[in-house]
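J.: Input: one structure, supplied below.
The values are calculated or read from the model by the stated rules, or taken from the named source; none is laboratory data. These figures come from a predicted structure and were not determined experimentally. All Cβ positions, even for glycine, are placed from backbone atoms using ideal geometry, and neighbour counts span all protein chains on display.
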Amino acid sequence: MAHNIDLSGYSIRTDLALEAHELAQQQNQSDIEGIWLQADDSEPNVKVTRLHVETEEAGKEIGKLPGHYLTIEVPKLRDNDTSIEEQVAKRFSAEFAMFLKQLGITEDKKALVVGLGNWNVTPDALGPMVVENLLITRHLYTLAPETVGEGYREVSALSPGVLGITGIETSEIIFGVVEKSKPDFVICIDALASRALHRVNTTIQISDTGIHPGSGVGNKRKAIDQETLGVPVIAIGVPTVVFASTIVNDAITYLLGHFGQSMVESKRVFNKLALSTLPERKEPYTEEDLPDLESRKTFMGLVGSLPEEEKRQLIHEVLRPLGQDLVVTPKEIDDFIEGVANVIATGLNRALHSAVNEENSGSYTH
């Protein structure tokens, strides 16, 4: 049976279009007309999902604006492995360059990169950290154009801070800079919120629909998009936080998944099958990994038998009135933010400047 879904109650839980689409599909139990999705996991360690919201009606179904959304998922990105980070930087650079091409942005167009977020709060410092590692050239074009070689474009950057630091709306600062510096397009980088533990610190999203600062943690600010700025706005984000209700919900799902796989393993051992045939434990657990409904009731009572979103909503309704639905970030966030900021900055430098490549990109970041 199809269900009408109101995503307004979930808007503070996820900034990822992919997750919003998954939620809507779960509720409707069918594909959504006007949304095109393609997944590519041909490259080891990396899964790329392209989602195109074609109409406003389809956008309302998932709570997102019409446009293109690209999600790069790399579970091993949490491992602080330099080889994985280089692989992701290479793929991110290629995908971002494709985004520019789709928008008709050529190599001579001027870019303004905006690092959104509070540099005093580590999970929110992604934008400012990326800006620190960018190759900035606008001043050279103004003061010493003869020193600029071929293969570079005019790039400027800004870290406007947050309302609590400046007392000025972020959108107002950016609008003023755009009005005076007149870039041809704007790139906004921000930390996001996710509704799934396995996507925190493992996912990068690119979209051409602009950005809404603070929306992920329920602190909605004025949009930064083509309508407000008058030029194309490309948004880049990484989920660095989740709500406590998400952690509780996922913990219950992981427990049920563990019980389900343990039951399968017990049957295999009982039937004297080789241990090498046991299934590999995986994250996240899917519906197929969970035990049957009666077993769920036995393990978790009524909570175990609830559908995914009803369980999530129940936990949210219990924690929120108590003020316990906290915004949580992993303890390794310091190292991760530095690593992923370097990955994004490296990818942007390569995508924006054709003269920057795999061999020399390390000269422009630290």
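J.: Being part of a helix (DSSP H, G or I), under 26 Å from the mean Cα position of the chain (by Cα) and within 28 Å of G339 (Cα to Cα): is that true of P123 here?
T.: yes
J.: So which of V200, V130, V177 ends up being within 18 Å of V242 (Cα to Cα), surrounded by 15 or more Cβ atoms within 10 Å (Cβ to Cβ) and of a type outside the set (S, T, N, Q)?
T.: So the residue among V200, V130, V177 that is within 18 Å of V242 (Cα to Cα), surrounded by 15 or more Cβ atoms within 10 Å (Cβ to Cβ) and of a type outside the set (S, T, N, Q) is V200.
J.: If I ask for residues that are free of Cβ contacts under 8 Å to residues at least 60 places away in the same chain and either among the polar types (S, T, N, Q) or surrounded by fewer than 18 Cβ atoms within 10 Å (Cβ to Cβ) (or both), which ones from the stretch 144-162 would you list?
T.: A144, P145, E146, T147, V148, S156, S159
J.: Additional query: Out of the residues in the stretch 21-47 that are crowded, with 20+ Cβ neighbours inside 10 Å and at pLDDT 90 or above, which is nearest to S194 (Cα to Cα)?
T.: Step by step, filter the stretch 21-47, then rank; the result is H21.
J.: Among the numbered conditions (1) surrounded by fewer than 17 Cβ atoms within 10 Å (Cβ to Cβ); (2) within 27 Å of the chain's Cα centre (by Cα); (3) on the phi > 0 side of the Ramachandran plot, tell me where K182 comes up short.
T.: So K182 meets the others, but not (2).
J.: If you go through the stretch 146-202, how many residues are in a strand (DSSP E or B) and either among the charged types (D, E, K, R) or within 30 Å of D335 (Cβ to Cβ) (or both)?
T.: Within the stretch 146-202, residues that are in a strand (DSSP E or B) and either among the charged types (D, E, K, R) or within 30 Å of D335 (Cβ to Cβ) (or both) number 12.
J.: Related question: Tell me which residues, restricted to the stretch 46-67, are part of a strand (DSSP E or B) and under 29 Å from T365 (Cα atoms).
T.: K47, V48, T49, R50
J.: Picking from G339, G362, G347, G301, which residue would you name as being in a helix (DSSP H, G or I), under 30 Å from S156 (Cα atoms) and modelled with pLDDT under 90?
T.: Going through G339, G362, G347, G301 in turn, just one is in a helix (DSSP H, G or I), under 30 Å from S156 (Cα atoms) and modelled with pLDDT under 90: G362.
J.: Quick test of your reading of the structure: I105 fulfils all but one of (1) in contact (Cβ under 8 Å) with a residue 60 or more places away in the chain; (2) within 21 Å of F185 (Cβ to Cβ); (3) touching a Lys or Arg at 6+ places or on another chain (Cβ under 9 Å); (4) not basic (K, R). Name the failing condition by number.
T.: Status for I105: all satisfied but (3).
J.: Further question: Being out of contact with any His (no Cβ under 8 Å at 6 or more places or on another chain), more than 20 Å from V231 (Cβ to Cβ), assigned by TED's automatic domain parsing to the domain that holds P160 and of a type in the set (V, I, T), is that true of even one residue in the stretch 91-112?
T.: Within the stretch 91-112, not a single residue is out of contact with any His (no Cβ under 8 Å at 6 or more places or on another chain), more than 20 Å from V231 (Cβ to Cβ), assigned by TED's automatic domain parsing to the domain that holds P160 and of a type in the set (V, I, T).
J.: Assess whether I12 counts as being assigned by TED's automatic domain parsing to the domain that holds P239, within 24 Å of I247 (Cα to Cα), at pLDDT below 90 and part of a loop (DSSP other than H, G, I, E, B).
T.: yes
J.: Looking at (1) modelled with pLDDT under 85; (2) surrounded by 18 or more Cβ atoms within 10 Å (Cβ to Cβ), which is the one condition that is false for L352?
T.: Tallying (1) modelled with pLDDT under 85; (2) surrounded by 18 or more Cβ atoms within 10 Å (Cβ to Cβ), L352 fails exactly one: (1).
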